[in-house]
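Note sheet for the following structure.
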Amino acid sequence: MSDSIPVTRAVDHGTAKLMPDVDRERAWLLTVDGAPQSYVDLDEPTHLEFEYTRRLGHVLDVLAAPGRPLDALHLGGGALTLPRYLAATRPGSRQHVVEADRGLSALVAEHLPFPADADADAHVTVHPADARAWLEAAPDATADVLVADVFGGSQVPAHLTTLAYAREAGRVLRADGVYLANLADSAPFAFLRSQLATFAAVFGELALVAEPAVLRGRRFGNAVLIASHRPLDLTALARRTASDPFPARVEHGPALREFTGDARPVGETEAVASPLPPAGAFGIG
């Protein structure tokens, strides 16, 4: 995208806007109906602007040897921030991105394309489909990492919160695969605790990454859920999250089980979307 001119377009699920960052020459903020969805720097794909994307990036950095290509499945595409990051930090990774909004994908492909001289585009396939429907049709044991960052407006859709969904994620991941999800909640954390209970019923190892202020219930915010069948290098992850410009804490083990409390896995009939953020929680200036 050569001209730093805002772009507004009606897409399948709202009105999308691409707005240039005045401080970074080829960086763009994507919003849908005013809610920030993605931030991309075309010249520096390893730059992750949003706090939660940096935390997801930290996990992607430590879950395998540096530079090792991964087979990745992304549920939710937006402007393809994390696929670009993975393509830059782990060249040769094969990535599938599931994005239900065809209009949004077309906008991103037109205005924020992968570099023409890079092979990243050849290794990133975008599928126009519902995330759960695509997941249910995916082959067994084909992904090293599954990143779920799906929001309908500002909420995680209910059908991506259930025990049946978690089992599908576990089926598609390889034995040493890792599930990551961007979630959002505030005290008393009914939604977040239900998700921890749901994924604990499928995966043997869980961790949660969030700002201390969020975990203490002082404000609404994002939390990154990590689930796997194998122990992760949480010490390395904790060092990265603690040294971030917006430090976060990694909770796991007894402390995380105490946080989960008596929450139960979510069945299909009682599933609800994540709570709406309060006004201005994810606002843009």
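The values are calculated or read from the model by the stated rules, or taken from the named source; none is laboratory data. The structure displayed is predicted, hence computed values, not measured ones. Glycine also receives a Cβ, built like all others from the backbone with ideal geometry; neighbour counts cover every protein chain displayed. Calculation scope for accessible area: heavy atoms of the full protein, side chains included, ligands and nucleic acids excluded. Shrake-Rupley method; radii C 1.70, N 1.55, O 1.52, S 1.80 Å.
Would you pick out the residues in the stretch 168-201 that are hydrophobic (A, V, I, L, M, F, W, C), without any contact (Cβ under 8 Å) to a residue 60 or more places away in the chain and open to solvent by 30 Å² or more (accessible area, probe 1.4 Å)?
Matches in the stretch 168-201: ALA175, ALA187.
Checking the condition among the hydroxyl-bearing types (Ser, Thr, Tyr), closer than 21 Å to LEU234 by Cα and open to solvent by 10 Å² or more (accessible area, probe 1.4 Å), which residue from THR81, THR89 passes?
Exactly one of THR81, THR89 is among the hydroxyl-bearing types (Ser, Thr, Tyr), closer than 21 Å to LEU234 by Cα and open to solvent by 10 Å² or more (accessible area, probe 1.4 Å), namely THR89.
Can ALA164 be described as farther than 21 Å from ALA238 by Cβ, more than 19 Å from the chain's Cα centre (by Cα), at pLDDT 95 or above and surrounded by fewer than 20 Cβ atoms within 10 Å (Cβ to Cβ)?
In short, yes.
Could you give every pair whose Cβ atoms fall below 6 Å, whose first residue belongs to the stretch 53-71 and is touching a residue at least 40 places away in the same chain (Cβ under 8 Å) and open to solvent by 20 Å² or more (accessible area, probe 1.4 Å), and whose second residue is part of a loop (DSSP other than H, G, I, E, B) and not acidic (Asp, Glu), counting only separations of at least 6 or pairs across chains?
From the stretch 53-71, the pairs are ARG54/LEU48.
Applying the selection to the stretch 12-24, what residues are over 16 Å from PRO113 (Cα atoms), buried (at least 17 other Cβ atoms within 10 Å of the Cβ) and aliphatic (A, V, I, L, M)?
ALA16 - this is the single residue of the stretch 12-24 that is over 16 Å from PRO113 (Cα atoms), buried (at least 17 other Cβ atoms within 10 Å of the Cβ) and aliphatic (A, V, I, L, M).
Taking THR125 as meeting all but one of (1) open to solvent by less than 20 Å² (accessible area, probe 1.4 Å); (2) without any contact (Cβ under 8 Å) to a residue 60 or more places away in the chain, write down the number of the exception.
Single failed check for THR125: (1).
Which one of ALA137, ALA106 is open to solvent by less than 60 Å² (accessible area, probe 1.4 Å), at pLDDT 95 or above and of a type outside the set (Ser, Thr, Tyr)?
Unique residue meeting the criteria: ALA106.
Looking for whichever is open to solvent by 10 Å² or more (accessible area, probe 1.4 Å) and either out of contact with any Leu (no Cβ under 8 Å at 6 or more places or on another chain) or touching a residue at least 60 places away in the same chain (Cβ under 8 Å) (or both) here; the options are GLY221, GLY204. Which one fits?
Among GLY221, GLY204, only GLY204 is open to solvent by 10 Å² or more (accessible area, probe 1.4 Å) and either out of contact with any Leu (no Cβ under 8 Å at 6 or more places or on another chain) or touching a residue at least 60 places away in the same chain (Cβ under 8 Å) (or both).
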